[in-house]
Amino acid sequence: METKELKIFFDLINNAVFEEKISEETKEGFLESMLPSFYSLAQKHDLAHLIGYAIGSNGIKINNDYSDKFKKLNIMAVMRYEQLKYELNNLSNSLEKNKIPFIPLKGSVIRNYYKYPYMRTSCDIDVLIHEEDKEKAVKCLINECGYKKEGEGSHDVSLFTEGGRHIELHFDLVEKDRANNANSILKTVWEDVKLKKGYSYLYEMSDEFFYIYHIAHMAKHFENGGCGIRPFIDIKVLSSIPHNRAKREELLKKAELLTFAKAAENLSKAWFDKKEYDELSLKMQSYILTGGVYGTNTNRITVQQQKHGGKIKYALNKIFLPYDIIKFHYPVLKKHKWLMPLMQVRRWCKLIFLGGMKRSVNELKINSHVSDENKAETVKMLNQLEIK
């Protein structure tokens, strides 16, 4: 998408979320021929309802096909929000009843700062619990809410509601080896929280802890292929509420994420406050816009190559999962590590016979075709962002 079109695209989002007037440049420059690229980019980043809202609320005339598409997506965003709100209430009541302390995370919190909560879409519900409460929490949600357990990872348990909504019970906010030093700071979150009024077990983070968690989560996804546009809207939202900047920066510095945070804030300002781009902002923009909400496989594999020390080591790491990862796929390894070769074979059989082989082969193909130039540019950008 050309620079002129991008300016109009972000001006429309700015108008929808922050009620800032659409500029004369946007009014004069908007053409119906831009709709396909606007719709495609917005859909990739789960923002089409915002573009449609801005177009509709400003009386911008577009053809009926796209008008209907945008209206449909806006209705779907409202419905999704109502479903997530219902499930969060359902989950909260169950955890409260069973005396399990928990902290709502991500979209469940930040959407309350939006003009209309439905505007801040999300695909799942994330809550933090104590690891020692994991089995009890899973059991009560299955028995009382009808949820089904999908699997367990290094820092969370995945469940699905009867209506297909995804629930993630986290017992760590960020994995130990991700987002620089964030884990060492965020693991103390329970020392920072306070009870929400009217509840006995629902806790809320302080502003600075929530902000560092937001930045750490962005950094984690950024180094995994991209984090989408939505977190940059969140940055502007979180910058507009009362906060102590010095406290935020103090924690970001301890987490070794201050450089990344400032770069992310600069790009947010370029998109939504019409600030000038710097060289790093332009690189980040290109990296993010080529993907969607969770980035691209090419971006992710390029970064992982750098972390693992090259194409061959990355490929071996994908074929032979390290113990720290495979143990969560097969919990028996936590007690019987000697079974690891057998579990590797079991995993390969699962990939071959249960449909995961195509995805794995595709990743290895991408790994072998990542250009040295692309890799060098990505590594340079990550170094500038001080993402390790």
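The values are calculated or read from the model by the stated rules, or taken from the named source; none is laboratory data. Computed from a prediction, not measured in an experiment: that's the story for all the values here. Note that each Cβ is placed from the backbone with ideal geometry, even for glycine, and that neighbours are counted across all protein chains shown. What goes into the accessible areas is simple: the full protein's heavy atoms, side chains included, and nothing from ligands, DNA or RNA. Shrake-Rupley method; radii C 1.70, N 1.55, O 1.52, S 1.80 Å.
Below, the figures for the structure above:
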read-out: Gyration tensor verdict on the stretch 99-185 (Cα atoms; rounded if a/c is under 1.5, prolate if a/b is larger than b/c, oblate otherwise); value: oblate
read-out: Links that overshoot a 25 Å alpha carbon limit, given the list K134/K236; K44/K253; K262/K283; K85/K134; K176/K275; K176/K335; value: K134/K236; K44/K253; K176/K275
read-out: Stretch gain in nm, segment K61-E249, where the contour uses 0.36 nm per residue and the Cα spacing is subtracted; value: 63.3 nm
read-out: Selection of GluC sites (Glu not before Pro), the stretch 130-196, meeting DSSP coil and at most 16 other Cβ within 10 Å; value: E162, E175
read-out: Charge context of V138, other residues only, Cβ under 13 angstrom, K/R +1, D/E -1; value: -4
read-out: Net charge of neighbours whose Cβ lies under 15 Å from the Cβ of D65, counting Lys and Arg as +1 and Asp and Glu as -1; value: +2
read-out: ³J(HN,Hα) computed for each position of the stretch 167-179 - Karplus, 6.51 cos²θ - 1.76 cosθ + 1.60, integer Hz, glycine/proline x; value: 10, 10, 9, 8, 10, 9, 6, 9, 4, 4, 9, 10, 6
read-out: Spatial separation of Cα centroids for the stretch 188-264 and the stretch 1-70, in angstrom; value: 29 Å
read-out: Prolate/oblate/rounded label for the stretch 140-202 (Cα gyration tensor, a/c 1.5); value: oblate
read-out: Farthest toward positive dipole pole in the stretch 9-105 [+1 Lys/Arg, -1 Asp/Glu at C-beta], among M79, I100, S23; value: I100
read-out: Three-way shape call for the stretch 15-60 based on the alpha-carbon gyration tensor, with the a/c threshold at 1.5; value: oblate
read-out: For I125, residues with placed amide H under 5 Å, excluding near neighbours; value: H166, I167, E168
read-out: Local electrostatic count, W271, Cβ distance below 10 Å [Lys/Arg +1, Asp/Glu -1]; value: +3
read-out: Separation of the K21 and I75 label points, Cα + 7 Å toward Cβ, nm; value: 3.4 nm
read-out: Using a Förster distance of 41 Å, the FRET efficiency for E386-Q344 (Cβ separation, nearest 0.05); value: 0.75
read-out: All aspartates and glutamates inside 18 Å of K148 as judged from Cα atoms, apart from same-chain residues fewer than 8 positions distant; value: E87, D124, D126, D133, E135, D156, E162, E168
read-out: Residues of the stretch 77-156: accessible area per residue with a 1.4 Å probe, Å²; value: 46 Å²
